[in-house]
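Working notes, structure below.
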2 protein chains.
Amino acid sequence: MTDRTTQESRPTVPDPRKAETATGTVLSRRRLLGTAGATGLVLGAAGAGIGYAAAPAGATPLTALGSDRAVFHGKHQPGITEGLQAQGHLAAFDLAAGAGRKEAAALLRRWSATAERLMAGEPAAHGDTEVARDAGPSSLTITFGFGHSFFDRTGLLKQRPAALDPLPAFSSDRLDRARSDGDLWVQIGADDALVAFHALRAVQKDAGGAARLRWQMNGFNRSPGATARPRTARNLMGQVDGTHNPRPGDADFDRRVFVPADGDPGWMANGSYVVVRRIRMLLDDWEKLSLTQQENVMGRRKSDGAPLSGGTETTEMDLEKTGEDGSYVVPVNAHARITRPDQNGGAAMLRRPFSYHDGFDAGGVPDAGLLFICWQADPLRGFVPVQRKLDRGDALSQYVRHEASGLFAVPGGAAKGEYVGQRLLEG
Amino acid sequence: MTDRTTQESRPTVPDPRKAETATGTVLSRRRLLGTAGATGLVLGAAGAGIGYAAAPAGATPLTALGSDRAVFHGKHQPGITEGLQAQGHLAAFDLAAGAGRKEAAALLRRWSATAERLMAGEPAAHGDTEVARDAGPSSLTITFGFGHSFFDRTGLLKQRPAALDPLPAFSSDRLDRARSDGDLWVQIGADDALVAFHALRAVQKDAGGAARLRWQMNGFNRSPGATARPRTARNLMGQVDGTHNPRPGDADFDRRVFVPADGDPGWMANGSYVVVRRIRMLLDDWEKLSLTQQENVMGRRKSDGAPLSGGTETTEMDLEKTGEDGSYVVPVNAHARITRPDQNGGAAMLRRPFSYHDGFDAGGVPDAGLLFICWQADPLRGFVPVQRKLDRGDALSQYVRHEASGLFAVPGGAAKGEYVGQRLLEG
C-alpha cells in the first residue's frame, strides 16, 4: 500500500526501495554552492534525528523536499539566494504605541532565535503550536527587514539609509496603503504549507505587545519535483519568469545584490534592499489574447521563454532583427525588450517572487497575480530605473496593476550569538 | 550547483545520481492498491513523455511528486480515495439564467473532457493558459457533484436523491449562505499549486455562459516527502487528524463510502455524498490553552494522536479508564470520545480535508481552519449523527465555528467515452 492510496495515518511497513531512494536523494543534494557570494546554503540533511522529524520506527523517510535545510547564521540572511520555495508568507508589522528601540531590539532577538530553531526543524522555544510537528525543515527560510517608518519610531533617523527614500510614483500604481509599507517586514518561505504557516504564527506570537500585524500575503511557486525545468518560475500568465536573473557565481552577483562589507550605513554591510509589489494580473483580459498576441506583448515564446528573434531561453535577444514586413521581430514595446539587462545596468536586481491567488470577486474575476520580490544593493540602480522604463510604454502594463508596495532594508546575516539588526539596534 | 541554490531557469547539466534517484522514486511508487474498493488509482509514471512534462535535454527529471498520476475513468470518480494532496481548490457554480438540463449536460461533457486531459498532464483542448506547462500531472484530481438546487433548475426533481435533503441546523453553525450550497460542485487537488490553479481556471473557462462561479475556497495539506508520517493529516490546531478513517481495503469500506451498484437512484450507482464545511478554528483561543488542556479537549495526545488512556495512535480508546481522582482519563466531553467510530455506526464517513488560511482580520486574528470534506454512502448515517452528538457537548466546539456548508451528490466515475453525470442527464 503506498502513501498515495491510503487515508490512514499509521506508520506503514518500511519499503526498502523507498528508504534507499530517499537516502540517495538526500545525498545527491548535500552539496555546497562553490561561490563566495552565496550563503544561507541549503543542505540536504538526514531525515531522522532532525528536531521534530525524528522518524517513528517503520516510517517512510523524508524526501529531500522535507529534509533540505537552509542555514540561519551567515554573511547574508537566508531567503535571498536560495531557490524558489513552494509556499510563502509575507507580513509587515508596525511597532505598538510606546514601543521604541529597546522593544524593537528585544523583538528582533526573539525573532532571530525563533528563525534559527524553526529553520533547523526544531519547535519554537515557548508554546509551540506543533503544526510543523513530524515535518522536516522543508527548506524553511525566515528573513527580516526594516521599513522607512521604523527609523522615526525608534529614534534612529541618523541610521536610516538614503536607499529607503520612498519609491517614485508610477502610472500603473493603484496602491492600497493599508497593504503597503510597514515598520518591519518578514518573509517566510518553505516547501511545505504547514511548515510555513507554523512559522508565520510563531513570528506573530513573538511580536506580542511590541508590534502588531499591518498586512500579510500568501504566495506559492511550483513544488520541487513537479517540473523537469529546475526551479523555473512560470507565473500565472503562463510565462517563463526570471530568465535574466543574475546567478550566484556570476562575477558581479554580489555587487548587484548585496551592500558591500564596507558599505554605508555600516549596519547594512552584506545586507540588501528588497522591493515588494503585489502585482495583480488581469487574467481575464490576458487570456483573451491569442498566443501570438501574448508573445508579442512579452517578446518571448510562451512555450520556452526563447526570444522571438530565435534560439533558446538563454540566447541573446536580437533587437534589430526584422520580419518580412520590415517591423522588428521583438516589438518595440515588448516587455522583454524594455527590461533587457544590458539596457538597465546589467540586471541589477534579483527577482525571487511568489504567485498569489486570493479567490475571485463577486463577478468571477480572479484576485491573482505575482508577489513581486526583488533584491538589490541599491533600489535606485535596480528596481526604479526598470520600472520607470516600463512606465513609459511596456505592452504588458495594461494587463497588470500594482496594488501594494513596500521597500525594506534587509541587514546582513547574523553571526552565531547575534540577532538580525543587532548592529543597528545596539550600534 | 543544485536546483536549491540557483535562481536561474536554464536546464542544468544532468547529475547521474539524481537521475538514478528520481527513476528509483518513480518506480517505487508504481504500485497498485490491491483492493477491490479503491479506484482513481495513483500510478507512478515516467516523467519524460507525459503531455506537457516532456523533459528538455539535460533537464532534471521529475520526482514522483510531479509524475504521479490519478486516473479519470473508473468505477468511482477520482479525488475520494487517493491520499491527501498538497493543494486544493473547492468551487461551486450556479447554472446561468435560462440554462437547464441540456446546457448542464454539455457543461459536464466539457468538464469531463478537461479533467481527463489535465489529469494526464496534457493541456486543455482549447485556449490552454500554459500555467501547468513543464509540470507533470502532480496527482491532479478533478471531481464533480450536484447540489439540491440543481434538480429544480434542470427539471430533474424526480431524480433528486432524498440524501440531498438539507442538513439539519447545528448550534455551532454560523453559515454564510453566499459561501454555501450551489448547483454544481468541483473539487480540485494536486501536489503542485500551479497545476491546481491551472485546472481551476480551465474549469471556470469551461463553465462559459452556462454557469457562474458561486463561491471558491483554497486549501492545503502537507507536501509529499515533508514528513516521515505517511500522509498523516495534522491540522492547524496541531492535532493529528483522520486516525479512525475507514481505509480502502477494509471489509466495509465500500459500503460506508459508496452508493451500491444497485443503489437508489440508479444514476448514483458507485457514487458518494460529500459534506463540505468551512470550519474556522479560533486559534488565538486554542493556543492560549496548555498542552494538557488541549489534550483533554481532544482526548488524545497531541504529539502522536494516541488516546489519553494509553498506547499508540491506533490503540483502542479505553473509555472506562479512570485516573487517581476517579474521573475518566478520557473526559466525557472529549472530541475523540464523542466521535469514536463504534459510537457512531462504525465511522460511516471518510474524511479527506484541506486546511485553509485566508489571511488575518484587522485585529490580527487568523481566518484559518479546516475545509472539512467527508464522503459517505448516506449522510444520514455518516455526517449527521456525528455532528448531532458533537452539537450536544463536544469540548472542541467552542474553538471552532462552521462558517459555510454544502452537501453534494457525486456520481460514480465515467467509463471511457462517457462523461460524469451522463446517466442522470441523459437517463
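Structure notes:
- Distance between the modelled labels on B:ARG177 and A:ASP285, one decimal in nanometres: 3.6 nm (7 Å Cα→Cβ projection).
- When peptides B:99-108, A:374-383 are sorted by average Cβ neighbour count within 10 Å, with the highest value leading, the order is A:374-383, B:99-108.
- Counting, for every residue in A:160-171, the Cβ atoms of other protein chains within 10 Å of its Cβ and taking the mean gives 0.
- Karplus-derived HN-Hα couplings along the stretch A:122-127 (A = 6.51, B = -1.76, C = 1.60, θ = phi - 60°), whole Hz, x at Gly and Pro: 9, x, 4, 5, 9, x
- Local electrostatic count, B:TRP111, Cβ distance below 14 Å [Lys/Arg +1, Asp/Glu -1]: 0
- Put simply, the amide H of A:ARG351, placed in the peptide plane, has neighbours under 5 Å in A:TRP375, leaving out anything fewer than 5 places away on its chain.
- Using a 7 Å Cα-to-Cβ projection, A:ALA97 label spacings across copies, nm, ascending: 5.0
- Computed label-point distance, nm, for sites B:ALA169 and A:HIS126 using a 7 Å Cα→Cβ extension: 4.4
- Placing a label point 7 Å from Cα along the Cα-to-Cβ direction at A:GLY323 gives distances to the equivalent points in the other copies of 7.7 nm, listed shortest first.
- Distances from A:SER303 to itself in the other copies, using label points 7 Å out along the Cα-Cβ axis, amount to 5.6 nm in increasing order.
- Calculated FRET efficiency for the pair A:ALA251/A:ALA162, C-beta based, R₀ 35 Å, to 0.05: 0.85
- Other protein chain Cβ atoms within 10 Å, averaged over every residue that makes up A:194-201: 5
- Across peptide A:62-73, the average count of Cβ atoms from other chains found within 10 Å of a residue's Cβ is 4.
Values in this text are rule-based calculations from the coordinates and carry no lab data. Just so it is clear, the model here is predicted, and its values are computed rather than measured. Virtual Cβ from ideal backbone geometry, glycine too; neighbours counted across all protein chains shown.
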